[in-house]
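Step one of this worksheet: look at the structure below.
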């Protein structure tokens with residue numbers, strides 16, 4: 001009986017992490033996507049999959065947002081970050097830091113390498129670091145980091 005109870009608690013905790021990450025990831029992805037749309041960058045995200053359109057860019061951007069949110073959820077579901085991620089102030093700080101990390105890894109390295117690999121003309125060089133990309137990823141990180149504990153604590 002004890003193992004069933006422990007298993008049930010473990011599953012509820014895991015489900016809470018996943019649901020929190022997906023919901024917060026979608027909210028953050030929408031916020032960042034609006035900023036990216038204003039600057040006309042959304043079709044570039046669709047281009048990663050051979051469809052450089054606004055609609056494909058939105059679909060792929062939101063799927064990336066959720067996948068990266070799930071990575072965050074896995075990382076912060078472990079001690080000692082678990083309790084920090086459940087509080088609004090420290091969750092927002094963790095999300096902000098995650099936005100900086102995403103700027104460097106996804107925007108600065110992965111995106112330009114991927115665009116070069118698929119032969120997109122005028123693909124940016126590596127590293128591709130700019131203040132606008134930092135701002136965009138900070139929008140994602142702040143919104144995600146603030147929403148994650150709000151959803152997680154419900």
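The values are calculated or read from the model by the stated rules, or taken from the named source; none is laboratory data. What you see is a predicted model, and the numbers here were worked out from it, not measured in a lab. So basically every Cβ, Gly included, is an ideal-geometry build from the backbone, and we count neighbours across all protein chains shown.
Can you confirm whether residue 99 is touching a residue at least 24 places away in the same chain (Cβ under 8 Å), over 12 Å from the mean Cα position of the chain (by Cα) and part of a helix (DSSP H, G or I)? In short, no.
Here is the figure for the stretch 44-56: residues that are part of a helix (DSSP H, G or I) and at pLDDT 95 or above total 3.
Does residue 58 satisfy being without any contact (Cβ under 8 Å) to a residue 40 or more places away in the chain and either surrounded by 15 or more Cβ atoms within 10 Å (Cβ to Cβ) or on the phi > 0 side of the Ramachandran plot (or both)? Considered against the rule, which asks whether it is without any contact (Cβ under 8 Å) to a residue 40 or more places away in the chain and either surrounded by 15 or more Cβ atoms within 10 Å (Cβ to Cβ) or on the phi > 0 side of the Ramachandran plot (or both), residue 58 comes out as yes. Candidates in the stretch 12-37 are the residues that are at pLDDT below 90 and touching a helix residue (DSSP H, G or I) at 6+ places or on another chain (Cβ under 7 Å); of these, the one that is farthest from residue 52 (Cα to Cα) is 16.
Of all the listed residues (115, 134), the sole one being in contact with a helix residue (DSSP H, G or I) (Cβ under 8 Å, 6 or more places away or on another chain), assigned to a helix (DSSP H, G or I) and either without any contact (Cβ under 8 Å) to a residue 60 or more places away in the chain or surrounded by fewer than 14 Cβ atoms within 10 Å (Cβ to Cβ) (or both) is 134.
Number of residues in the stretch 70-93 that are assigned to a helix (DSSP H, G or I) and surrounded by 18 or more Cβ atoms within 10 Å (Cβ to Cβ) equals 6. Of the set (1) touching a helix residue (DSSP H, G or I) at 6+ places or on another chain (Cβ under 6 Å); (2) more than 16 Å from residue 39 (Cβ to Cβ); (3) surrounded by 15 or more Cβ atoms within 10 Å (Cβ to Cβ), all apply to residue 127 but (3).
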